[in-house]
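Chemist: Please see the structure below; I have some questions.
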Amino acid sequence: MNARTFHTLDTWPRALVVAVGQAYRQNGAEGTLEPAGWHRIRDAYLAAGGDPETAATTPNKIIATLCRVHPDWMHGPARRWVARQMGQAP
């Protein structure tokens, strides 16, 4: 694949997409900062059977695709966390 490749969720096994997406959402729900947030995502990717040689790049591609295809699902937990921090109802 090259820099112009347009990824879809079918690009990767479902287990990888779900694991990375859930880890991203958990980071958002908890307000997890880097590098801990990235480590959670990478570890979830590897635990779901991801290739260690692509663990530095593939999770980011999965996240970008999920954010494009399912933005509300991906960003909902982070929006609620920010609302709580600001003293607003979620």
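The values are calculated or read from the model by the stated rules, or taken from the named source; none is laboratory data. Predicted, not measured: the structure shown is a model, and the values here were computed from it. A quick note on method: Cβ atoms are made from the backbone with ideal geometry, for glycine too, and the neighbour counts reach across all protein chains shown.
Chemist: Can you name the residue in region 48-72 that is out of contact with any Gly (no Cβ under 9 Å at 6 or more places or on another chain) and assigned to a loop (DSSP other than H, G, I, E, B) and is also surrounded by the most Cβ atoms within 10 Å (Cβ to Cβ) among such residues? I'd like the intermediate steps shown before the answer.
Modeler: To start, the set of residues in region 48-72 that are out of contact with any Gly (no Cβ under 9 Å at 6 or more places or on another chain) comprises 48-57, 60-61, 64-65, 67-69, 71-72.
Checking the rest, the ones that are also assigned to a loop (DSSP other than H, G, I, E, B) come to 48-51, 55-57.
On the way: 48: 18, 49: 10, 50: 22, 51: 10, 55: 14, 56: 11, 57: 9.
In this case the residue turns out to be 50.
Chemist: Go through region 52-61 and give me each residue that's among the polar types (S, T, N, Q) and touching a residue at least 12 places away in the same chain (Cβ under 8 Å).
Modeler: Initial filter on region 52-61 (among the polar types (S, T, N, Q)): 54, 57-58, 60.
Of everything in region 52-61, just one residue is among the polar types (S, T, N, Q) and touching a residue at least 12 places away in the same chain (Cβ under 8 Å), namely 58.
Chemist: Please go through region 1-51 and give me each residue that is farther than 12 Å from residue 63 by Cβ and touching a residue at least 40 places away in the same chain (Cβ under 8 Å), ordered by number.
Modeler: 8, 11, 26, 29, 30, 31
Chemist: Within region 27-42, can you find the residues that are crowded, with 19+ Cβ neighbours inside 10 Å and modelled with pLDDT of 95 or more?
Modeler: 41, 42
Chemist: Now for a separate question. Regarding residue 84, is this residue in contact with a helix residue (DSSP H, G or I) (Cβ under 9 Å, 6 or more places away or on another chain) and not aromatic (Phe, Trp, Tyr)?
Modeler: Here the answer is no, as residue 84 does not meet what is asked.
Chemist: I'd like the full set of residues that are within 15 Å of residue 15 (Cα to Cα) and more than 12 Å from the chain's Cα centre (by Cα), limited to region 53-90.
Modeler: Within region 53-90, just 55 meets the criteria.
Chemist: Would you point out which residue out of 24, 45 is within 27 Å of residue 83 (Cβ to Cβ) and buried (at least 16 other Cβ atoms within 10 Å of the Cβ)? Steps first, please.
Modeler: Details: 45 fails: within 27 Å of residue 83 (Cβ to Cβ).
After applying the criteria, what remains is 24.
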